[in-house]
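Let me begin by presenting the structure, written as structure tokens, before commenting on it.
The values are calculated or read from the model by the stated rules, or taken from the named source; none is laboratory data. What you see is a predicted model, and the numbers here were worked out from it, not measured in a lab. For neighbour counting, all protein chains shown are included, and Cβ atoms are generated from backbone atoms with ideal geometry for every residue, glycine included. Just the protein is used for accessible areas: all its heavy atoms, side chains included, with ligands, DNA and RNA removed. Shrake-Rupley method; radii C 1.70, N 1.55, O 1.52, S 1.80 Å.
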Amino acid sequence: MSQRFIVVGGGMIGLAAALGLRQQGHRVVLLERGPQPSYGDETELRVSAIAHHSRDLLQQLGVWERLPNARLGPYQAMEVWDHDSFGRIQFGAHEVNQTDLGAIVENKVIEAELWLAAAEAGVDLQADTEVLKHSIADDQVSVTTAATTYTADYLIAADGVRSPLRQAAGLPMTFWDYEQQGCVAVVKCSAPHGGCARQVFLPSGPVAWLPLGDSHHVSLVWSADTAIAEELKGLSADAFSKRLQAVSDGALGTLELASERAYFPLRMQYTRSWLTQRMLLLGDAAHSIHPLAGQGANLGFGDVQALLKLTNNDFGHTELRNWERERKVAAVQMITAMESFKRGFAGSNPLLKLVRGIGLKLANDVAPLKRSLIKSALG
């Protein structure tokens, strides 16, 4: 039976949910407080590592094939090492009979193509539209903007990590500050990246170089303790490039900044209730994690996939509770894994570095363990 949905938030997760619901025959309104997403010739700073299950969803929605090949950075290998240590692991897609491990894609590119596909499918898209108030009852929801009031059967909050809808509903949260900042930028490398995603763990946090469509450009994600991040902010572009060069172990040749840098605080957030009467939380509104493994978007796309499985048939509160339970388990597992990685690779204690080195060497040398890690990376 067709239902009416209001989706608040025009990021990747909100748009994917809106498009999927509309393709199932539901009536959908999407409200986005910012402008319609678009992108130009310059590479966007925010990217996501799209795992296989997320790509499957985008293919199912008819969006993956719309993404320009030049803006896709498929990666066939990964290399992870501990700075100033023998610990290192390398693996390739061929080891599990795959052509790639995933693809690095700019968030804005995915959002822009999702928006166009949603418009073609008949989603009522409202850009530059802020929610002034909302109400949730047992039988319907309503959302008021400056222009009108919308009513529907369900309200989906996909309005980001600061989610005004979540805050207005007073939903309890668990969170902690990583006391780190993430720095993102586009970096030009003299050696081709070869379709390999690379990450080094420093005592102050991980640095990742993610392959873009151009073989000599990578997306940088540098997570650093706040004091180090503030120091990095004060560096000139040339000094920053030299600092980056020093931690890269020469893996990509000579490095130089090819964009501005952007910084953002890192913290874990987990909303304890994702379903309250007829309002559901998706993506960053429900959970946000450390970017060290690039799994935030994939976790959100997983929320959408699971939701679309149940909305494809008649559903009610019981089915939505089951969805919430299933996705909470996935989120907690990912949060736990990211926290273990972060804590396990933090600091420069010689004993800890030795243990990390042995662990990485074992993972690299023991075939069954290595295959298991690769399958985890595939998503």
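Looking only at the stretch 86-108, residues that are surrounded by fewer than 22 Cβ atoms within 10 Å (Cβ to Cβ), of a type outside the set (D, E, K, R) and more than 12 Å from residue 10 (Cα to Cα) come to 11 in all. Output the residues belonging to the stretch 124-142 that are closer than 14 Å to residue 280 by Cα and assigned to a strand (DSSP E or B). Once the filter is applied, which keeps residues that are closer than 14 Å to residue 280 by Cα and assigned to a strand (DSSP E or B), the stretch 124-142 yields 134, 135, 136, 141, 142. For the residues 146, 169, 185, the requirement of being hydrophobic (A, V, I, L, M, F, W, C) and at pLDDT below 95 singles out 169.
Condition check: assigned to a helix (DSSP H, G or I), open to solvent by 40 Å² or more (accessible area, probe 1.4 Å) and not polar (S, T, N, Q). Does residue 33 satisfy that? The answer is no for residue 33. Taken over the stretch 199-212, the criterion of being at pLDDT 95 or above, in contact with a Pro (Cβ under 9 Å, 6 or more places away or on another chain) and open to solvent by 10 Å² or more (accessible area, probe 1.4 Å) is satisfied by no residue. The residue list 34, 40, 11, 25 contains one member that is closer than 21 Å to residue 283 by Cα and either in contact with a helix residue (DSSP H, G or I) (Cβ under 8 Å, 6 or more places away or on another chain) or without any contact (Cβ under 8 Å) to a residue 24 or more places away in the chain (or both), which is 11. You will find that of 1, 78, the residue that is touching a strand residue (DSSP E or B) at 6+ places or on another chain (Cβ under 9 Å) and either within 30 Å of residue 146 (Cβ to Cβ) or open to solvent by 40 Å² or more (accessible area, probe 1.4 Å) (or both) is 78 and no other.
If you check 54, 48 for being outside any helix (DSSP H, G or I) and not aliphatic (A, V, I, L, M), only one passes: 48.
Close Cβ contacts (under 7 Å, 6 or more residues apart or on different chains) running from residues in the stretch 74-93 that are farther than 15 Å from residue 205 by Cα and at pLDDT below 90 to residues that are open to solvent by 20 Å² or more (accessible area, probe 1.4 Å) and of a type in the set (S, T, N, Q) comprise 79/90; 88/364; 89/364; 90/364; 92/76; 93/76; 93/99. Residues that are at positive phi and not in a loop (DSSP other than H, G, I, E, B) within the stretch 165-184 comprise just one, 179.
To keep it simple, each residue is scored yes or no on (1) under 18 Å from the mean Cα position of the chain (by Cα); (2) assigned to a helix (DSSP H, G or I).
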{"position": "298", "(1), (2)": "yes, yes"}
{"position": "303", "(1), (2)": "yes, yes"}
{"position": "314", "(1), (2)": "no, no"}
{"position": "320", "(1), (2)": "no, yes"}
{"position": "329", "(1), (2)": "yes, yes"}
{"position": "337", "(1), (2)": "yes, yes"}
